[in-house]
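Just below is one structure, and these are the notes that go with it.
Every number here is computed from the coordinates shown, using simple stated rules; none is lab data. Just so you know, these numbers come straight off a predicted model, no measurement behind them. Cβ atoms come from the backbone with ideal geometry, glycine included; neighbour counts cover every protein chain shown.
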Amino acid sequence: MDPKDVLALLSEYQSIMIEAIFENKGTVDKFIGDAVMANFGTPKSHGNDAQNAFDCALAMNKKLKEWNASRLEKGLSQIEHRIGIHYGPCVVGNTGSDQRTEFAVIGDPISHSKSPQLHNEFGNEFKFMLSYEKLHTHPSELEARIDSLIELGYRGFNVTLPLKEAMYKIGTLRGYDLSERSKRAQSVNTVSIEKEKIFLDNTDGNGFIKSMSCLNNFNVHKKNLLIIGAGGATKGILGPILDVQPESVIISNRSFEKIALLKVQFNNPLLTFNLLNDLNRDSNLTDHEKTVSFDVIINATSSSVSKEEPLINPKYFRNARLTIDLFYAKKLTNFLRVAKECGCKNVMDGFPMLVEQAAESFYIWTGLKPDTNKIISKRDVFFE
């Protein structure tokens, strides 16, 4: 099989098995090649943990049978697996040297994440031994996952979509120490664990601002910005953008609901809001919105994930000095491709931002500041 096909097969198989684990109150500990290691009764017992493990095994076999039936209809080969169950007392916690520490990133989906590669690069720079894992975490499993990582002695973990806002809510309810940045964004992407102290932060916004340094230190001060999307990605970057004091920021979204929430969360005279349909038709806009020429256009939607064409009229790209897509991929996204075709000279995807926000997370955990320019300059390595 082609390596990409192998990865796709493993991802689909493991996602199916994870469903069975979650449905039976298990916790995914780690992935080992094509294997999934799960615990039952950690970090907290449910009283019938052995039964849950057996029920999970039966559910796994049932799900595999259903998956194989669908594969057979498509003319694909059948998949076999084996399941082992061990029962007995176990010690749960951190082992090894103080010079080797455990980190992770949690999300759903998670297979695409470049975070393990980035943090291993950071560790190599400082000869700092670390383990960094991708842990698929369904939203319904988030609280159990948090408890498990704390109990197992992890030093910290990153949080990606769609868990950032839920992590903030859980942290607030549990009384964790929240940074001002996370409070402002009402979302969390970095969790630091030091003994009994749990610290929650959001490095997305600062990562975004720093990422523009690779474009001859371009900044948004006194610039007119158009941000497409009013969801979690926009919430993460908007505060630091406003701190730089742009000339104006117009946020355009498909629906009004998220706009209304964003208006309340960020009450700032520099902000105006409109619907994408109105923006594209030049209707129901203020005089300023009709005449403004955008210096910077930012795609903060998930449209590039599904390879959609840009959600705005391409005419807006003509006078833009910089177009940014927060999504990252090996090749230009459709959003950036159209921007270049329309004459925008500077385009950038979300990879530099990913590196910068990851470096800040690494600094929060270790006190060490990686050379981000070095990582960004060899981005092709991360997409091989």
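Things to note:
- Pair residue 384, residue 277: separation of 7 Å Cα→Cβ label points (nm): 4.9
- Taking only the C-alpha atoms of the range 150-273, the Rg (one decimal) and the largest Cα-Cα distance, Dmax (whole number), read 15.7, 48 Å.
- Helix 3-23 vs. the chain, principal-axis angle (Cα, 0 to 90°, nearest 10): 70
- For residue 345, a cut-off of 16 angstrom between C-alpha atoms picks up these aspartates and glutamates, skipping any fewer than 8 places away in its own chain: 295, 325.
- Straight-distance crosslink candidates among aspartates and glutamates, where the alpha carbon sits under 14 Å from residue 331 and sequence neighbours closer than 8 are dropped: 349, 380, 384
- Total lysine pairs whose alpha carbons fall under 28 Å of each other in the range 19-129 (8 or more apart, or interchain): 16
- Degrees between helix 49-73 axis and first principal axis of the chain (Cα, 0 to 90, nearest 10): 60
- Dimensions of the range 3-73 based on its C-alpha atoms, expressed as ranges along the principal axes with the largest first, amount to 40, 23, 12 Å.
- For the pair residue 124 and residue 69 in one chain, pulling the backbone fully straight at 0.36 nm per residue adds 15.3 nm over the alpha carbon distance.
- Hydrodynamic radius of the range 119-182 by the Kirkwood approach over all distinct alpha-carbon pairs: 13.4 Å.
- Candidate lysines - alpha carbon under 20 Å from residue 263, same-chain residues fewer than 8 apart omitted: 164, 169, 183, 235
- Between residue 2 and residue 151, the modelled labels are 4.2 nm apart [label points 7 Å from Cα along Cα→Cβ].
- Subtracting the Cα-Cα distance of residue 80 and residue 329 from 0.36 nm times their residue separation leaves 86.4 nm of extension gain.
- Per-residue ellipticity at 222 nm from helix content only, as computed over the chain with -39500 (n - 2.57) for each DSSP H run of at least four residues, stands at -12000 deg cm²/dmol.
- Fewest-first ranking of 67, 365, using other Cβ atoms within 10 Å as the exposure measure: 67, 365
- Each of the peptides 17-29, 79-91 was scored by the mean count of other Cβ atoms within 10 Å over its residues; in descending order, highest first, they stand as 17-29, 79-91.
- Over the range 219-345, the reciprocal of the mean inverse Cα-Cα separation, the Kirkwood hydrodynamic radius, stands at 14.6 Å.
- 0 to 90° range, to nearest 10: angle between helix 351-366 axis and the chain longest Cα axis: 60
- The stretch between residue 364 and residue 222 holds 48.1 nm of extra length on full extension. This uses 0.36 nm per residue minus the Cα-Cα distance.
- Burial order of peptide ranges 266-273, 248-255, 52-59 (average beta-carbon count within 10 Å, highest first): 248-255, 52-59, 266-273
- With both labels modelled 7 Å from their Cα along Cα-to-Cβ, the residue 180 to residue 213 distance reads 2.1 nm.
- Virtual paramagnetic centre 7 Å along Cα→Cβ of residue 46, amide N under 17 Å, in the range 130-170: 137-149
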